[in-house]
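Heads up, the thing below is written out as structure tokens.
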Amino acid sequence: MNELTETAPTTGAPIKTFQVDALSVRVYASQADLSNAAVHIAHEHLTETLGARGEAAVILATGNSQIKFLEGLIRLGGIDWSRITLFHMDEYLGIRGDHSASFRRYMRERVESRVRPRVFHYLEGDAPLPIDECERYARLLQAQPIDLCCLGVGENGHLAFNDPPVANFEDARSVNIVELDEACRMQQVNEGHFPNLATVPQYALTLTIPQLCAARKLLCVAPEKRKARAIKAALQGPISTACPASILRRQAHATLLLDVDSTSLL
């Protein structure tokens with residue numbers, strides 16, 4: 001780490017900012033402050049993009065850590081969502097869109113139904129030909145530049161469903177079918193999305209790491225103590241697929257937002 005700056009703990013302002021390799025990192029006193037900061041960064045970037053280009057394309061993440069951020073961004077207003085094309089970054093293989101744990105359902109209920117974007121392109125996890133579905137979604141992603149990718153970090157350091165055993169920093173594909181490792185599947189149980197490990201799908205469709213990193217801006221939101229080990233590995237370990245989130249250190253267009261809990265092991 002370098003360029004460490006500490007600031008007074010004013011509500012809403014980062015209490016620490018620093019850089020790790022190319023990655024800008026901001027630490028906040030609370031998850032609420034972190035989410036509020038992420039909202040304003042995303043809002044400013046989308047406003048500037050819409051002003052310059054008249055349209056925008058955004059990839060959104062699901063998961064419990066994203067809820068406050070998405071709610072805040074929608075509540076803030078001032079964005080013409082009818083000019084924004086939305087994508088999400090993963091979905092369980094074989095799961096129906098109305099399943100309680102479906103990421104399509106998460107996005108329809110939390111985002112699409114509330115902001116009415118130009119279009120929300122969904123990964124159909126229950127498509128009869130999943131390889132064809134990966135190719136279809138890849139074509140949609142490649143049809144326009146992605147202006148903003150909003151990320152989280154998994155407890156095992158994954159980005160989207162690129163878990164350590166399957167992550168590939170050089171993948172030529174945009175969308176893959178991957179096997180989920182047990183740590184990732186247990187996270188879904190612990191977050192309340194499935195009753196036990198046996199009910200969590202073993203496979204998923206996911207955007208690859210090169211596809212995520214190709215966005216013009218990366219905004220990564222990673223609060224909570226359960227993410228502390230992954231954050232320590234990402235920032236202080238080697239840049240390696242053993243912790244996929246470590247690739248963020250090579251992304252000068254990325255900002256990582258943390259709270260005091262997720263930085264507790266640094």
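For the reader, a short list of remarks on this structure follows.
- Options L50, L148, L123; residue that is surrounded by 17 or more Cβ atoms within 10 Å (Cβ to Cβ) and within 22 Å of V200 (Cα to Cα): L123
- Residues satisfying the stated conditions in the stretch 1-42, i.e. exposed (fewer than 13 other Cβ atoms within 10 Å of the Cβ) and at pLDDT 95 or above: A22
- Within the stretch 202-236, restricting attention to residues that are open to solvent by less than 20 Å² (accessible area, probe 1.4 Å) and assigned to a loop (DSSP other than H, G, I, E, B), the residue that is nearest to S102 (Cα to Cα) is T208.
- Top-ranked residue of the stretch 67-91 - restricted to ones that are surrounded by fewer than 22 Cβ atoms within 10 Å (Cβ to Cβ) and in contact with a Ser or Thr (Cβ under 6 Å, 6 or more places away or on another chain), ranked as farthest from G154 (Cα to Cα): G72
- Qualifying residues in the stretch 53-66 (those that are over 17 Å from A160 (Cβ atoms) and either assigned to a helix (DSSP H, G or I) or of a type outside the set (G, A, S) (or both)) - the one least open to solvent (accessible area, probe 1.4 Å): E55
- Among (1) under 25 Å from H158 (Cβ atoms); (2) acidic (D, E); (3) out of contact with any strand residue (DSSP E or B) (no Cβ under 9 Å at 6 or more places or on another chain) - the single one E44 does not satisfy: (1)
- Candidate set from the stretch 151-186 (those that are buried (at least 22 other Cβ atoms within 10 Å of the Cβ) and β-branched (V, I, T)); member that is nearest to Q251 (Cα to Cα): V153
Per-residue answers, yes or no, for (1) of a type in the set (G, A, S); (2) in contact with a helix residue (DSSP H, G or I) (Cβ under 8 Å, 6 or more places away or on another chain); (3) more than 18 Å from T49 (Cβ to Cβ); (4) in a loop (DSSP other than H, G, I, E, B):
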residue: E91; (1), (2), (3), (4): no, yes, yes, no
residue: R96; (1), (2), (3), (4): no, no, yes, yes
residue: A101; (1), (2), (3), (4): yes, yes, yes, yes
residue: R105; (1), (2), (3), (4): no, no, yes, no
residue: E112; (1), (2), (3), (4): no, no, yes, no
residue: A127; (1), (2), (3), (4): yes, yes, yes, yes
residue: E133; (1), (2), (3), (4): no, no, yes, no
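- Filter pass, S113 being among the hydroxyl-bearing types (S, T, Y), without any contact (Cβ under 8 Å) to a residue 60 or more places away in the chain and in contact with a Lys or Arg (Cβ under 7 Å, 6 or more places away or on another chain): no
- Single residue of the stretch 237-258 satisfying the filter (open to solvent by 30 Å² or more (accessible area, probe 1.4 Å) and out of contact with any strand residue (DSSP E or B) (no Cβ under 9 Å at 6 or more places or on another chain)) that is nearest to A38 (Cα to Cα): I239
- Any chance L197 is touching a residue at least 12 places away in the same chain (Cβ under 8 Å) and over 27 Å from P128 (Cβ atoms): no
- G94 being in contact (Cβ under 8 Å) with a residue 12 or more places away in the chain, over 18 Å from the mean Cα position of the chain (by Cα) and open to solvent by 10 Å² or more (accessible area, probe 1.4 Å): yes
- Residue pairs whose Cβ atoms lie under 6 Å apart, separated by 6 or more positions or on different chains, with the first residue in the stretch 175-188 and farther than 20 Å from E224 by Cα and the second among the β-branched types (V, I, T) and buried (at least 19 other Cβ atoms within 10 Å of the Cβ), are N176/T206; N176/T208; V178/V166; V178/T206.
The values are calculated or read from the model by the stated rules, or taken from the named source; none is laboratory data. Note that the structure is a prediction, hence the values are computed from the model and not measured. As a convention, Cβ positions derive from the backbone with ideal geometry for all residues, glycine included, and neighbour counts pool all protein chains shown. Accessible surface areas use protein heavy atoms only, side chains included; no ligands, DNA or RNA. Shrake-Rupley method; radii C 1.70, N 1.55, O 1.52, S 1.80 Å.
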